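Below is one structure, written out as structure tokens; the observations come after it.
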Ligand code: F6P
């Protein structure tokens, strides 16, 4: 068991549906295999300030279907400082925590990587983010639920868009990744998706205008990946200016995308990855994220998991184009 007797578990960064299922799987697998488990509240902030409770199998009862995270989450500023991490290490020692399971996205796993390197602490990551932007895993926990939530919203927007013969720019989350935008566009039958992985924003808009608006359709829906410089509002303004004859509206879906009961797919993914985290520790694995590729649970070194160039199938944009005639 590599001298590990107590495992600490935390959720960090933006919450995602399925995090609770992962907490449950980690806790029950660990206890079943003879470890003690401690729940660390409010992400790395809780590790720094000792917001920690012993977990039993009952601590995770009836949470598999709940959205959010029972452990709460935070984007810890303190943990980005050497002093904060030193304090976190002191707390770990005081609490007798020998290894950490961190459920979170890019920033959270970057933190885990630095911490593991600095203090030689065994850390295992689980990909918990709606953005699906962690490299090496086909899917991240929460992505499927969010995709379904977006599609449900866009279906509703389509009803009103059709009634009024409008063009809608619908902005979805994803930070710097267009997985949510691209695949929700496919699944909702949207006319286009504007994503960071494709050509420039201006080109993508031109392309849509060139082949979309001219057509005699009842309505048009463009899914736009959020961006600090040009979100849905930016595109809508441009179209309104250049084509005053069109009735244009914007809908920013916002944080409702992060809530809700996880889909069956996310629950299964979270459960497999959570149980895989304990297998990994027993295997002597260190500083890896547990992922899933071609239906197999795999270990991805943190350095790879946090790469920013997860491959995306840009052919789907062509498919979207072809289907929106
Ligand atoms: O990383 C998950 C995510 O929901 C992104 O899609 C989004 O950009 C960001 O978090 C929003 O963060 P916050 O909830 O802190 O505003």
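The values are calculated or read from the model by the stated rules, or taken from the named source; none is laboratory data. Keep in mind it's a predicted model, so treat the numbers as computed, not measured. Quick reminder, even Gly has a Cβ in these numbers, built from the backbone with ideal geometry, and neighbours come from all protein chains shown.
Matching residues to (1) under 28 Å from residue 4 (Cα atoms); (2) in the same structural domain as residue 46 (by TED's automatic domain parsing); (3) over 9 Å from the mean Cα position of the chain (by Cα):
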position: 111; (1), (2), (3): yes, yes, yes
position: 116; (1), (2), (3): yes, yes, yes
position: 126; (1), (2), (3): yes, yes, yes
position: 131; (1), (2), (3): no, yes, no
position: 134; (1), (2), (3): yes, yes, no
position: 147; (1), (2), (3): no, no, yes
Test: residue in region 174-182 that is under 28 Å from residue 310 (Cα atoms), within 15 Å of the ligand (Cβ to nearest atom) and surrounded by fewer than 22 Cβ atoms within 10 Å (Cβ to Cβ): yes
Residue among 105, 111, 125 that is within 13 Å of the ligand (Cβ to nearest atom) and at negative phi: 105
Residue 145 away from the ligand (no atom under 16 Å from the Cβ), in contact (Cβ under 8 Å) with a residue 40 or more places away in the chain and part of a helix (DSSP H, G or I): no
Residue check for residue 102: closer than 27 Å to residue 148 by Cα, in a strand (DSSP E or B) and touching a strand residue (DSSP E or B) at 6+ places or on another chain (Cβ under 6 Å): yes
Qualifying helices (runs of 4 or more DSSP H) (wholly inside region 200-285; at least 2 residues being crowded, with 16+ Cβ neighbours inside 10 Å, in contact (Cβ under 8 Å) with a residue 12 or more places away in the chain and not assigned by TED's automatic domain parsing to the domain that holds residue 187): 264-282
Those residues of region 288-308 which are in a loop (DSSP other than H, G, I, E, B) and surrounded by fewer than 22 Cβ atoms within 10 Å (Cβ to Cβ), in sequence order: 294, 295, 307, 308
